[in-house]
Amino acid sequence: MIEVADIFRSFADRYLAAHGATMPPSHRRAIADICACRTAALGGSVWRCSHCRHEVFSYHSCKNRSCCKCHSNQTETWLSRRKAEMLPCHYFHVTVTVPEELRSLLRANQRDGYAMLMKAAAEAIIDIARDTRFVGGTVGVLAVLHTWTQQLLYHPHVHCLVTGGGASADGRHWHPARKSFLAPAMALAKLVRGKLKALLANKRPDLKIQDMVWTKSWVVKITRWGEGEDAVLRYLARYVFRIAITNTRIIDFDHQAISFRWKHRASSRWRICRVGGLEFMRRFLQHVLPKRLHKVRYFGLWHHSYRPTANKVRLLLKLESTHSQPQLIDHPPATTDGVRVADRSAARPCPRCGQAFLTFSYELSPTRAQGP
């Protein structure tokens, strides 16, 4: 399989020579980490088969949030933590997209611009949901920032997971939303636009923005998503840890240009995009976020200041669900020879003989020290 790391290793020197003087530190770090990920540069461990003595080298991951090969363990950890916070209700998926005229400004002011965009989108959802014509309570909003299209073009937008209902001010009552309707999309789009305009005027009055940005229609899509808590989380995890492109979409690499698949939304068909190596790196790196910029943020019932209210509502909804649904008994996993099946399946069999499991042998020191 062709990997993004292979492309970076082939074109990194030329890209750094052309753009290194003006490159943000986050881009330089992403290049170094992706090139070194799961190689001897970061060290690792050696595992040995107890039967044939075959050794398997397991190198460390870079853990860079823009790397294609990391995040599987991080995803599972995040899912387990969020599962305890989920409310037993249906959910809505809201996507907020900014107009083209505003994209260059956001790209030039990423730290402030992205934060205000996410805040404006979430606060607009919370405010419109408090209207008694729609929900009449405070909803929970989990906002995730994305900046790309299928062709790696710059397209900033926010994905929001919204609870299908809201809590009263005292947390004693739950106001469910309608099954397939949260709020009117056009009204929400106008509210997002107004809130972002106010935030920019208050915090960044130095920015010059075209007047037409505040008069044209913005794109907001609201989709019901209510197939169970686990399904909702798995669906959202794809957005939380998704990066601009995965290795599976790259189909050809000839050291001059790269071909990758992208899905045309209107026809729902896969097409091929071919770009030069330096252009591919440019498109990929423009979606690397500045250091310590949080791409996932929590608002409303999921904000830490609302935790007491959220706990009351969660208990209220669970009590209601237990009266309407039968309880299922959770049986412990079966054991074989005193060892849990789950633990046994986690062990790696020897890839050579297949007759024994690999056991840890020794650590490999990194040949390149990672910076802070």
Exercise for the section: Residues being farther than 30 Å from V139 by Cβ and of a type in the set (V, I, T): count how many of those fall in the stretch 32-87. Expected result: 4
Completion exercise
Apart from one, (1) in contact with a Lys or Arg (Cβ under 7 Å, 6 or more places away or on another chain); (2) in a helix (DSSP H, G or I) all hold for E279; the odd one out is (1)
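Filter the stretch 52-84 for residues that are of a type in the set (A, V, I, L, M, F, W, C) and in contact (Cβ under 8 Å) with a residue 24 or more places away in the chain and give the result.
First, pick out the residues of the stretch 52-84 that are of a type in the set (A, V, I, L, M, F, W, C): 52, 56-57, 62, 67-68, 70, 78-79, 84.
C52, V56, F57, C62, C67, C68, C70, W78, L79, listed by residue number.
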Practice task
Could you please let me know if L106 is in contact with a strand residue (DSSP E or B) (Cβ under 6 Å, 6 or more places away or on another chain), in a helix (DSSP H, G or I) and of a type outside the set (G, A, S)?
Solution key: yes
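Take M86 and tell me if it is surrounded by fewer than 16 Cβ atoms within 10 Å (Cβ to Cβ), aliphatic (A, V, I, L, M) and part of a loop (DSSP other than H, G, I, E, B).
Judged against the criteria, M86 is not a match.
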Fill in the blank from the handout: Exactly one of Q74, Q151, Q110 is surrounded by fewer than 20 Cβ atoms within 10 Å (Cβ to Cβ), on the phi < 0 side of the Ramachandran plot and at pLDDT below 95, and that one is Q74
Fill in the blank from the handout: Restricting attention to the stretch 33-50, the residues that are in a loop (DSSP other than H, G, I, E, B) and at pLDDT 90 or above number exactly 4
Practice task
May I ask you to say which residue of R261, R224, R265 is under 21 Å from the mean Cα position of the chain (by Cα), within 25 Å of C70 (Cα to Cα) and basic (K, R)?
Solution key: R261
Completion exercise
Across the stretch 244-276, the tally of residues that are part of a loop (DSSP other than H, G, I, E, B), within 18 Å of F11 (Cβ to Cβ) and in contact with a Cys (Cβ under 8 Å, 6 or more places away or on another chain) stands at 1
Fill in the blank from the handout: Checking R178, R269, R274 in turn, the sole residue that is within 25 Å of A124 (Cα to Cα) and not aromatic (F, W, Y) turns out to be R178
Handout entry: Residue within the stretch 184-201 that is modelled with pLDDT of 95 or more and in contact with an Asp or Glu (Cβ under 7 Å, 6 or more places away or on another chain) present
Key = yes
Problem - Residue count for the stretch 26-41, restricted to those that are surrounded by fewer than 21 Cβ atoms within 10 Å (Cβ to Cβ) and over 20 Å from the mean Cα position of the chain (by Cα) - result: 7
Handout entry: Condition met for A5 (in a helix (DSSP H, G or I), small (G, A, S), within 22 Å of the chain's Cα centre (by Cα) and under 30 Å from P351 (Cα atoms))
Key = yes
Exercise for the section: Search the stretch 154-179 for residues being among the aliphatic types (A, V, I, L, M) and over 19 Å from R65 (Cα atoms), and hand back the single one that is surrounded by the most Cβ atoms within 10 Å (Cβ to Cβ). Expected result: V162
Practice task
Take the stretch 264-293 and flag every residue that is without any contact (Cβ under 8 Å) to a residue 24 or more places away in the chain and under 15 Å from A115 (Cβ atoms).
Solution key: R292
Problem - Residue within the stretch 218-241 that is over 30 Å from E85 (Cβ atoms), at pLDDT 95 or above, charged (D, E, K, R) and assigned to a strand (DSSP E or B) present - result: no
Fill in the blank from the handout: Scanning the stretch 240-282 for residues that are touching a strand residue (DSSP E or B) at 6+ places or on another chain (Cβ under 7 Å) and closer than 25 Å to A108 by Cβ, the one surrounded by the fewest Cβ atoms within 10 Å (Cβ to Cβ) turns out to be G276
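The values are calculated or read from the model by the stated rules, or taken from the named source; none is laboratory data. Every value quoted in this text rests on a predicted model; they were computed, and no experiment measured them. Quick reminder, even Gly has a Cβ in these numbers, built from the backbone with ideal geometry, and neighbours come from all protein chains shown.
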